[in-house]
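Novice: I have a structure I would like to understand better, so I am pasting it below and will then ask my questions one at a time.
The values are calculated or read from the model by the stated rules, or taken from the named source; none is laboratory data. Keep in mind that this is a model prediction, so the values were computed, not measured. Because the Cβ atoms are built from the backbone with ideal geometry, glycine has one as well, and the counts that use them run over all protein chains shown. Side chains included, ligands, DNA and RNA excluded: accessible areas come from the protein's heavy atoms. Shrake-Rupley method; radii C 1.70, N 1.55, O 1.52, S 1.80 Å.
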Amino acid sequence: MTPKSSRSAANNISLVLNTVLGNDRFDRGPVNVGELAIEYTRQISPNSHIEHVVAEDLPGCEGALVPGETQPRRWAIMYDRKQNAGRRAYTVAHELGHFVLHRNLVDDDPEFDGGFYCTKEAVEHGIGRDIEKEANEFAANLLMPLDDFRRFVPSDSLAGLTRLGEAAERYGVSLTAATLRWLEYTTTRAMVVASVDGFALWAKSSEAAFKSGRFLRTKSELFELPAASFAARKAYGNESLEGVRQKAGIWFPEPVVEMCMRTDKYDFELTLLHFEGKAPAFQAEDEFEDSYTQFFKIGAPG
Ligand SMILES: [Zn+2]
């Protein structure tokens with residue numbers, strides 16, 4: 001099997017789905033990724049396809065792609081049963097990515113004898129080995145194709161949490177996943193910060209925000225959100241969804257519009273920052289890849 005780009009592998013499937021279901025397919029609902037995993041792998045690998053997509057107790061793991069003992073090999077995708085529908089779709093798409101891109105490793109590399117077991121960090125952010133990043137990109141591209149997302153939220157428009165919540169519903173993913181996907185292509189300056197009790201778990205900037213110096217870099221220290229922020233004040237409601245303008249000096253040396261909501265399980269806060277106007281001059285270091293910052297590991301499910 002030749003190595004494939006995760007993006008083109010997912011885009012090829014999207015093109016088939018567009019042909020079969022129409023370019024407006026997301027108006028009728030998100031990708032049914034469990035069904036797709038079985039149907040699609042039957043077509044590309046009739047003798048060794050995915051046979052089951054099942055809920056399991058997977059302590060410490062979000063999902064797994066596991067080969068069976070029999071030959072020819074049949075496969076199963078497992079997802080942790082505690083996940084809600086949005087996270088489940090992302091997990092199943094991630095494991096389908098491992099099947100499409102990496103299943104040969106099970107025969108070629110003794111480390112993968114038992115299959116692929118993926119942590120929450122790997123599924124949500126592609127953290128870990130390169131294959132985790134690839135499976136993560138595959139999942140984002142499959143569930144949230146950019147052509148459709150750009151029609152839903154144009155590249156040059158600032159999306160609030162309400163609109164991003166509508167996108168999450170359209171693609172059947174979590175608000176976090178939809179927000180991270182939007183940050184990948186928007187040309188506006190925006191940033192998202194996930195926090196627990198006012199301390200940052202991770203943060204990510206759009207490219208334009210990053211290049212204007214608007215990112216949180218602290219990699220090993222705790223970052224405490226400003227005392228005036230919604231997350232620090234635990235003030236969630238209509239006002240935090242609509243957003244307030246925070247003056248210069250609160251978050252950054254320029255004003256920002258801040259929005260915040262707690263996630264559906266109330267286990268972390270998602271803060272969205274919109275920067276206004278033209279970017280201030282900044283000597284950008286060319287390390288946009290690093291615009292995702294993880295602060296510290298905490299046992300918070302999310
Ligand atoms: Zn994985």
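Novice: For the stretch 102-164, what percent of Cα pairs sit more than 14 Å apart?
Specialist: Counting every Cα pair in the stretch 102-164, those more than 14 Å apart make up 68 percent.
Novice: Test of understanding: given the chain, find the longest segment containing no GluC sites (Glu not before Pro) that are in a DSSP loop and have at most 16 other Cβ atoms within 10 Å. Could the numbers behind the result be given before it?
Specialist: On the way: sites that count: Glu69, Glu221, Glu276, Glu285, Glu287.
The answer is 70-220.
Novice: In Å², and per residue, what accessible area does the chain have when probed at 1.4 Å with the other protein chains present?
Specialist: Per residue, the chain has an accessible area of 47 Å².
Novice: Given a cut-off of under 8 Å on Cα pairs at least six residues apart, what relative contact order in percent is computed for the stretch 163-257? Let's see the in-between values first.
Specialist: On the way: 110 pairs, mean separation 15.5, N = 95.
Contact order relative to length: 16 percent.
Novice: Return, ordered by residue number, the residues of the stretch 206-239 whose backbone nitrogen is under 12 Å from a label point located 7 Å along Cα→Cβ of Phe199.
Specialist: 221-225
Novice: Also, I was wondering about something else. Taking Cα atoms of the chain, Rg/Rh with Kirkwood Rh, to two decimals? Kindly include the intermediate steps, with their values, before the conclusion.
Specialist: On the way: Rg = 19.8 Å, Rh = 20.1 Å.
With Rh from the inverse mean 1/r over Cα pairs, Rg/Rh is 0.98.
Novice: Any chance you could get the radius of gyration and Dmax over the Cα atoms of the stretch 6-143, in Å?
Specialist: Using the Cα atoms of the stretch 6-143, the pair Rg, Dmax is 14.2, 44 Å.
Novice: How much of the accessible area of the chain, probe 1.4 Å, is carbon plus sulfur, in whole percent?
Specialist: C and S fraction of accessible area: 50 percent.
Novice: Looking only at Val192, Val123, Val153, which one moves most when the chain is put into a Gaussian network model with springs between Cα atoms under 10 Å?
Specialist: Val153
Novice: Would you work out the relative contact order for the chain, in percent, from Cα pairs under 8 angstrom that are 6 or more residues apart?
Specialist: 14
Novice: Over the Cα atoms of the stretch 158-294, how large are the radius of gyration and the largest Cα-Cα distance (Dmax), in Å?
Specialist: Reported Rg and Dmax, both Å: 13.8, 40.
Novice: At 1.4 Å probe size, with no ligands or nucleic acids counted, give the accessible surface of Lys234 in Å², nearest ten.
Specialist: 110
Novice: From the phi of every residue in the stretch 167-182, what ³J(HN,Hα) in whole Hz does the Karplus formula 6.51 cos²θ - 1.76 cosθ + 1.60 yield, where θ is phi - 60° and glycine or proline is x?
Specialist: 5, 4, 5, 4, 9, x, 10, 6, 4, 4, 4, 5, 5, 4, 5, 4
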